[in-house]
Every structure is written in structure tokens, then in C-alpha cells.
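Note sheet for the following structure.
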Amino acid sequence: MALRALYSAATGMRVNEFNLDTIANNLANAGTTAYKKTRTNFEDLYYQYIKPPGGVDVNSQPAPIGIGTGLGARVSGTQLDFNQGNLLETGRQLDVAISGNGFFQIQDTNTGGLLYGRAGNFTINSQNQLILASADQGRLLSPGITIPQGATNVAISGTGEVSANTPPSTLVQQIGTLQLATFINPEGLLQIGENLYAETTASGTALQANPGQNGAGLLRQGFLEASNVEPVRELVDLIRTQRNFEMNSQVVQASDQLLQLVANLRRF
């Protein structure tokens, strides 16, 4: 019936509208440090069968096919893509990128727990503690690292050792170690904004490791990880989504015309 087509097309318009929101967010974050793009997954809805496959045909034999129609589509979920973004050289000694798996551990000043992120644009606060650079809220790195007053030539090795020249000594001294966290299912992390994620039961418990060990990636000082959004691909998806929306809107118009024709039958 035209009414069923009307509602099926409406579900198609709804899922494509949602996909448009996802694409818009990806494009908006194409320049966001360490942003991971999101993909919308769809699934078809329940099917109404007049006669299911395998039913008995006129010859009392199993019918090879059936008679049925679907009722549209819906969003089955949004999926994070944790593919590595390009590493961009900044030359700044407190910029750190992760090459491989893993997340920096950031202290949540509100709950006292831990948050996780891949953006390594660090700076120091008034107590010389290493924090994630933000104008809104200074979140400490965990485990905490304090850069001694007057320290020079701060170096961060690939395996996380932080060292510097600390006066009055002229020797290079290790002042801390950057640790990473890995997850069994990183796609299960909760995005909370500000380049940060929160642990969930879907992601599993955070597994702490030194960089380069137990599946954790290595660190690159003087680099930042770029967003893994591919603008050209997103624009192609944008055009495809727009056309899908238009085709579903045409089905709505066609269904409306059929219903109008049925309503006018009494005039004949």
C-alpha cells in the first residue's frame, strides 16, 4: 500500500538526516588534533510476509521464495574509526604524538578519575606540572610529571622517559615517565568532547603500559597527531547522503499522489 511506502520512505529520510549530522561533525573536526572520525551504520527494519519462504506451494511442496516487503531502515549505531592520523611536526618540545595504539591518561578534576585522549598538546601550569593545554580547564597528566624550575632541554623518548637538564647540575636527569592506556575495545569508549574519552563497560578496563610495551605505541616528541578525517571522502559521502534523502522524499511524494488518487476515486 501507498501508506506503507510513505512510512518506509520516512524512515529512509530520518536515517539519512542522522548520517548528515555525523558527516557534518566529521568535517567540522577535520582540523581537530587527534580527532577520530565516526561512521553511521544502518540496518533494515522488520519484514511483513504475506507468504514466507519455505511455505507450502500449490503442489504441496516447499516454496523456494516468499512474498514480503520491508518497512524501511534505522540507525544501528555509530562507530569510531581509530586508524592512525598523520603525524605533523611542530618542533615544540612539549608536543607529543602516539604512533600506534594507546591513550594518554588525564586526570578528571571533577570526579578524580581518569579520562583518556590522544591529543598530546601539553604545557605546564603555575606549579610546573605537565597538563593538557586548555583555556577552560587544566587537566593533569597521570602519572603526574613535574618539570623542575629552570629545567632546559626537556626530552621525551619514544618509550616515555622524560628527562631534562636541571640546574645547578649539568647532567641530564630523568624526571618522570609517560605511561599509556590501552583498551580491548576502544570503539566502546564514550566521547565526552575536549579530545577526551571515558571508560565504559563496553571498552573494558584500561590497561596501563609503558610506550612500546604490551601493544602500546611509541611516542614522538615535537609532533602532534592530526585528525584522521579525509575531507574528500566525507564530501563524497555527503553527496551520496543528500541524493539518498532526495530519492526517499520522491517516494513520499509518489505515495502522496497515490493516496490522493485513491481519495478521489469516489468522484468517478
_If the requirement is being free of Cβ contacts under 8 Å to residues at least 40 places away in the same chain and not assigned by TED's automatic domain parsing to the domain that holds GLY120, which of these qualifies: ILE239, ILE184?_
ILE239
_Count - residues of the range 77-89 that are over 14 Å from the mean Cα position of the chain (by Cα) and under 13 Å from ALA34 (Cβ atoms)_ = 3
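Pick out the one residue from ARG92, ARG39 that is among the basic types (Lys, Arg) and closer than 19 Å to PRO231 by Cβ.
After applying the criteria, what remains is ARG39.
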*asked:* Filter the range 173-190 down to the residues that are part of a strand (DSSP E or B), modelled with pLDDT of 95 or more and surrounded by fewer than 15 Cβ atoms within 10 Å (Cβ to Cβ) and list them by number.
replied: LEU190
*Can you find a residue in the range 64-74 that is under 30 Å from THR200 (Cα atoms), assigned to a strand (DSSP E or B) and not assigned by TED's automatic domain parsing to the domain that holds THR182?*
yes
*asked:* Here is a check on your reading of the model: is GLN260 without any contact (Cβ under 8 Å) to a residue 12 or more places away in the chain, assigned to a strand (DSSP E or B) and either farther than 29 Å from ALA30 by Cα or in contact with a strand residue (DSSP E or B) (Cβ under 7 Å, 6 or more places away or on another chain) (or both)?
replied: no
*If only one of VAL262, VAL236, VAL162 is surrounded by 13 or more Cβ atoms within 10 Å (Cβ to Cβ) and hydrophobic (A, V, I, L, M, F, W, C), which one is it?*
VAL162
*Answer yes or no as to whether THR241 is within 30 Å of LEU114 (Cβ to Cβ) and modelled with pLDDT of 95 or more.*
no
*Would you call ASN228 within 18 Å of the chain's Cα centre (by Cα), farther than 20 Å from LEU132 by Cβ, modelled with pLDDT of 95 or more and not aromatic (Phe, Trp, Tyr)?*
no
*Collect the residues in the range 77-91 that are in a loop (DSSP other than H, G, I, E, B) and of a type in the set (D, E, K, R), keeping them in residue-number order.*
ASP81
*asked:* For the list (1) over 14 Å from the mean Cα position of the chain (by Cα); (2) closer than 25 Å to ASP95 by Cα; (3) not in a loop (DSSP other than H, G, I, E, B); (4) not polar (S, T, N, Q), I need the number of the one condition that VAL15 fails.
replied: (2)
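The values are calculated or read from the model by the stated rules, or taken from the named source; none is laboratory data. Just so it is clear, the model here is predicted, and its values are computed rather than measured. Virtual Cβ from ideal backbone geometry, glycine too; neighbours counted across all protein chains shown.
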